[in-house]
Amino acid sequence: MTPRHYVLACLMLLLAWATPVITAHAAAPDQTNRLWRLAAQEQERLEQRGVVLHDASLSSYLQSVAERLWEQVSTDLSAPTVKVVMDPRMQAYAFPNGFCFLSTGILNRIENEDQLAMILAHEMVHYARQHTAALYDHFQMASHGTGLPYADQRQAAGKAAMKQKIDAAEHQADDEGLAILKAAGYCETEVLSLMSNLLNCLQDQGASEAVGRLESRIKTMKTRIGRTRDSVSCTSATDGDPSFFFNRIAPALMANAQAALTCGNWNQADQSISKFLALKPDDARAHYLKGETLRRRNDGSGKNQCIGSYLKALKIDPEFPLAHRALGELHFKAGRYQTAEPYFEAFLSLAPQDIAREFIKGYLSQCRD
């Protein structure tokens, strides 16, 4: 495994939850060192791929939660920056230079701000404790056969030792994360609800190895929660207004629907866009994505449902080009050429730069013939 691949593997300590009171005395590493350069390169690669979700309101909200948690962390490190990647998989990971990434897939599985705080706090522990740097140093020593009894002849022994270190880092992030969660005034009982939710998702995906690890962590977490009684009450911003949280993460739900569609995960796409529409029923793009989800999941069946969603999109925004194109294609494939023609014409007029123009021109020519 190359150092680059190892760094990526370590950075993606997935399924991160929990929130901690940390004391990290180490100063920030020299940003010129190799590990930080690799982290910066990976972040730039994500930006270049166009998978980082840039939404000012969402970023501001996530950062406000992170800052509330970071106040409970005694450290010389600068506050972390939270970013979102458009990926339907459940992922959360912290880079050693302080960037914490959440996937739209994991945001789709969160039910309130307390659970969001769990995930962020867990990742903050990895950053504050510089776990990735420690694992990287361990790998470097093992690869050179220096100082470690398990970095010798057998690869299996080295892998077992590495797994042990990763597990220790995860347990520390869970334990200290829970302390940070409570100190910041969030509700610790939401940890178990979150973990249960993620466990159900993993079981549905058939991820047996991940299910086993998570079940073990849930057992441990149950022994930690409620073991101390303090006067700190739960004061999340979602108290008394369940829609507050979902309104704040709505851009991530929309983005996750699109990402899930791209990956062919119709059920998740439908779940995300349905959540979004419950919050914002007058969004044309959301109705279009609902139509796309129905059309692709049903493989052409349920056309009336698809058409209904596209028509809702056009009722809200008569100049939404993708809905015109979708309706044109549906009518064209059904042999209703005269009905399809005005939709194709509208699409060509409204989307002069769309890469599908030549195909649509071909369809339109056949309609006129």
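The values are calculated or read from the model by the stated rules, or taken from the named source; none is laboratory data. Worth saying up front: this structure is predicted, and the values here are computed from it rather than measured. With ideal geometry, Cβ positions are generated from the backbone for all residues, glycine too; neighbour counts draw on all protein chains shown.
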Among the numbered criteria (1) farther than 24 Å from GLY50 by Cα; (2) within 14 Å of the chain's Cα centre (by Cα); (3) among the hydrophobic types (A, V, I, L, M, F, W, C), which one does ALA260 miss? (1)
Sort through LEU58, LEU62, LEU69 and tell me the only one that's closer than 19 Å to ALA257 by Cα, outside any loop (DSSP other than H, G, I, E, B) and hydrophobic (A, V, I, L, M, F, W, C). LEU58
Looking at ALA79, ALA133, which one is part of a helix (DSSP H, G or I), hydrophobic (A, V, I, L, M, F, W, C), more than 9 Å from the chain's Cα centre (by Cα) and surrounded by fewer than 24 Cβ atoms within 10 Å (Cβ to Cβ)? ALA133
What pairs can you find where one residue is in region 165-182 and under 15 Å from GLN130 (Cα atoms), the other is polar (S, T, N, Q) and crowded, with 24+ Cβ neighbours inside 10 Å, and their Cβ atoms are less than 7 Å apart, with a gap of 6+ or different chains? GLY177/THR19
Which members of region 317-360 meet the condition of being within 14 Å of LYS290 (Cα to Cα) and not small (Gly, Ala, Ser)? LEU322, LEU327
Per the filter on region 238-268, residues farther than 23 Å from ALA56 by Cα and free of Cβ contacts under 8 Å to residues at least 60 places away in the same chain are ASP239, GLY240, LEU261, THR262, GLY264, TRP266, ASN267
Keeping to region 261-301, report how many residues are closer than 20 Å to MET86 by Cα and acidic (Asp, Glu). 3
State all residues of region 31-70 that are more than 14 Å from LEU102 (Cβ to Cβ) and among the β-branched types (Val, Ile, Thr); if no residue qualifies, say none. THR32
Residue tally, condition in a helix (DSSP H, G or I), of a type in the set (A, V, I, L, M) and under 20 Å from ALA252 (Cα atoms), over region 36-53: 1
Is it the case that some residue within region 85-107 is touching a helix residue (DSSP H, G or I) at 6+ places or on another chain (Cβ under 8 Å), of a type outside the set (Val, Ile, Thr), touching a residue at least 40 places away in the same chain (Cβ under 8 Å) and in a helix (DSSP H, G or I)? yes
If we keep just the residues of region 262-308 that are at pLDDT below 95 and not in a helix (DSSP H, G or I), which is nearest to ASN108 (Cα to Cα)? ASN265
Subset of region 225-261 [in a loop (DSSP other than H, G, I, E, B) and at pLDDT 95 or above]: ILE249
Enumeration of residues in region 61-76 that are crowded, with 22+ Cβ neighbours inside 10 Å and at pLDDT below 95: VAL73
Taking helices (runs of 4 or more DSSP H) that fall entirely within region 148-224, which contain at least 3 residues that are surrounded by 19 or more Cβ atoms within 10 Å (Cβ to Cβ) and modelled with pLDDT of 90 or more? 155-183
